[in-house]
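No lab work stands behind these numbers, since they all come straight from the coordinates. Predicted, not measured: the structure shown is a model, and the values here were computed from it. All Cβ positions, even for glycine, are placed from backbone atoms using ideal geometry, and neighbour counts span all protein chains on display.
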Amino acid sequence: MSNLEREVGRAKRRLWLNRWLEIVGWCLVIGIGLWIALWVPHRLFSMKWPMDSVALGILGASVVASFVWLMIRREGMLDAAGALDAAAGLNERTSTSVALAKAELDPFETAVQHDAEHSVTGINARRFLPVRWSGSLSLSGMMLLIAALSLLIPELDLLGKDAENVGAKVNAAENQAKAEALKRPVSIIEEIANKNPDVDISDMSRKLDPKALSRMDSDPGFKRRMAKKQLNTLKDALKNKADSEKFRTQREVNKRLRQIGQPEDPRSELRELMSQMSAGDFGEAQEEVKKLKEKLAKRARDGKLDPAAAQKMKEQLNDLAKKLKEASQKQQAAQDRQSQQQLQNAGMTKEEAQRTLDDLAKKDPEQLKKMAEDLAQRMKDKGVTKEQMENLLNKLQQEQKAQEKANKQCEKMGESMGKASKSLEEGDTEQAQKELGEAGEQLSDMEQMEQALNDLESQMDDLQDAEEDLEEFDDSDDEGDCQQCDGTGFLPDGAPCPKCQGNGNGQGQGGQGQGGQGGQGGRGRAFGQRDRNDNVKTATRNVRAKTKNGKGGSVVGQQFVKGSQMKGESEVEFGEAFKAGEIDATDSLNRGRIPRKYKKSIRRYFDRIRDDIDTGKAPVESGDEPAASGAAVDDKSE
């Protein structure tokens, strides 16, 4: 590179720098002016724009625009040479040389080139073309000072938008809190739905229109109602599954096995087996059967099968088979008495109830309907409807089938024990092991069914917890629920509710309710709080207090009833009273009439009573005998 080319290149770069400083000044003036034009309404009218991001964007855009402008307006080599001639007083020597520059030069052009090279010798282009401070930079500095002063403008709300948005902010915070509170129960519902693929809860979402679907994420109250609908669907499905014939049978088998108790000989080799069967631990019972088989195999292999020991084990196996048979008979008799009592409570005589139970097992579904219709017609004067009688007969028939299957299972196990006993008597230990193995396989089937039943009950408990969480989620959401669909948005058949049009509230599509608008009732409220409303309609309910009756109490009232009085205790079994009380308590729990902290205690109370009934500790009925007429009922309380 010649000295001329080097100095002209320096002059060109210095011209570019000065040109860029001027351009960037004007870009900053425009950018700062735009920022001020946005900042002032932002402060005066509370526009809530992201001004920090806007400032960074304007700065970046100004720099990029300045470089683009420079590329369009930049000087070339000839312009730089001319500027150098003017600044250094070279009388256009360098510009002429640059203009004549080409591959081949004539003698004149060559002389011009040499003269230009000689002229720029010792010249520094940067000294003749210094960096200049442009007027645009000064103007941009003034604009920057104005922008800094505009930062002192106080934040005002001349249009009153902040006041309107206060309620919206509070509602947004409440919705966020509600969405977090919904995560646990919704996850429980989805988890249980995945474990029960036969229940399709997503079908509810498919029935919603696009507008309702968009509310799922933005309206926690609507999402809660949808979750409640899905939860109720799952509860009904699990309840029906738990009431299916196979699980009814398993529960009846458990009742029978709990009654076999312990062997008479405390040193019996079947003691642990009977204990585990009585406790319903079928896995451990299988292990005991396996140990028993191993003992027999070892004694036969070692030749130590003592006839006296074999006789003793034979007696123990016979005792177990006998206990299984007696437990089945006892449980069957108790169930027959209970079924007969239910029919008598419906208005039948004892003989009619017995005949109905005998005929019930032989009826198919169509015959069952005809039978219910006939019985309802005969007992029409007692207020029994066809539907009530059909439901009762259907329930009793299902219980009979479960009883029959449970009896067969216990009889089959008893037969295996009896055959094993007979094989020991004949000295055939191998056959005895085979019979015990069949009993072990039956215990394995019972264990699988018991695990499935326990898993089902655990899922129902989880759904109960999810339901309590939904109830605790926000009680105020229930105030505007549609009465026709109970706030779910759907009718029992799955169709959208015509009253609320699938919204779940009692106002229909346009209903807002009190506090629904951002600046009204919802303003300034914390999550879960409600405004006081003294105009709410109230009502009272008469309830008789439960008191303890017994000796030593004063008579607080008497009531005389016409009719005959029977001697002895009432024929109505304690179990019936327990069921009625449990139904009432469950209804109150489900409807949220009882505070949450008392719910678990109430459930444990009824669970303990049910265990006592199942183990035979409940009061038994006494025989019926005619009694003298006339009665005086004294209500006494201590």
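Using label points projected 7 Å from each Cα along Cα→Cβ, tell me how many nm separate Ala55 and Arg184, to one decimal.
4.5
Assuming 0.36 nm per residue, please report the length gained on full extension of the stretch Asp243 to Thr586 beyond their Cα-Cα distance.
121.8 nm
Set the Förster distance to 60 Å, then compute FRET efficiency between Ala297 and Asp200 from the Cβ-Cβ distance, nearest 0.05.
0.70
So which of Lys195/Lys241; Lys255/Lys363; Lys369/Lys395; Lys246/Lys412; Lys239/Lys405; Lys330/Lys405 end up more than 23 Å apart by C-alpha?
Lys255/Lys363
Report the label-to-label distance for Glu92 and Ile146 in nanometres (one decimal), using points 7 Å from each Cα along the Cα→Cβ vector.
Placing both labels 7 Å beyond Cα along the Cβ direction yields 4.4 nm.
Reported to two decimal places, what Rg/Rh ratio describes segment 245-468 when computed on Cα atoms with Rh from the Kirkwood expression?
Reported Rg/Rh (Cα atoms, Kirkwood Rh): 1.11.
Could you put Val199, Val24, Val54 in order, starting from the residue whose Cβ has the fewest other Cβ atoms within 10 Å?
By the 10 Å Cβ count, ascending: Val54, Val199, Val24.
So, by mean Cβ neighbours within 10 angstrom, what's the order for 225-237, 435-447, 174-186 with the highest one leading?
Going from most to least packed, we get 225-237, 435-447, 174-186.
With 27 Å as the limit, write out which pairs from Lys322/Lys362; Lys298/Lys325; Lys183/Lys600 have Cα-Cα distances beyond it, or answer none.
Lys322/Lys362; Lys298/Lys325
Going 7 Å from the Cα of Lys370 in the Cα-to-Cβ direction, what parts of segment 393-408 have a backbone nitrogen less than 17 Å from that spot?
Inside the label zone: 394.
Give the order of Leu257, Leu152, Leu357, Leu393 when sorted by the count of other beta carbons within 10 angstrom, beginning with the fewest.
Least to most surrounded, the residues fall as Leu152, Leu357, Leu393, Leu257.
Measuring from label point to label point, each 7 Å out along Cα→Cβ, what is the Asn345 to Asn3 span in nm?
If labels sit at Asn345 and Asn3, their model points lie 12.4 nm apart.
What FRET efficiency, computed as 1/(1 + (r/R0)^6) with R0 = 60 Å and r the Cβ-Cβ distance, is obtained for Ser444 and Met71, rounded to the nearest 0.05?
For R0 = 60 Å, the calculated efficiency reads 0.10.
At a Förster radius of 30 Å, what calculated FRET efficiency corresponds to the Cβ-Cβ distance of Gln451 and Arg604, to the nearest 0.05?
So, using R0 = 30 Å, E works out to roughly 0.80.
Would you list Tyr605, Tyr598 from fewest to most Cβ contacts within 10 Å?
Tyr598, Tyr605
Using alpha-carbon pairs under 8 Å, 6+ residues apart, how would you state the relative contact order of segment 3-150 in percent?
Computed value for segment 3-150: 46 percent relative contact order.
Decide, for segment 1-81, between rounded, prolate and oblate: order the square roots of the alpha carbon gyration tensor eigenvalues as a ≥ b ≥ c, take rounded if a/c falls under 1.5, and otherwise choose prolate if a/b is larger than b/c, else oblate.
prolate
Which whole-Hz couplings ³J(HN,Hα) result when phi for each residue of segment 238-253 is put into the Karplus expression 6.51 cos²θ - 1.76 cosθ + 1.60, θ = phi - 60°, listed in order with x for Gly and Pro?
Karplus values, whole Hz, x for Gly and Pro: 5, 5, 5, 5, 5, 8, 5, 5, 5, 7, 4, 4, 5, 5, 5, 4.
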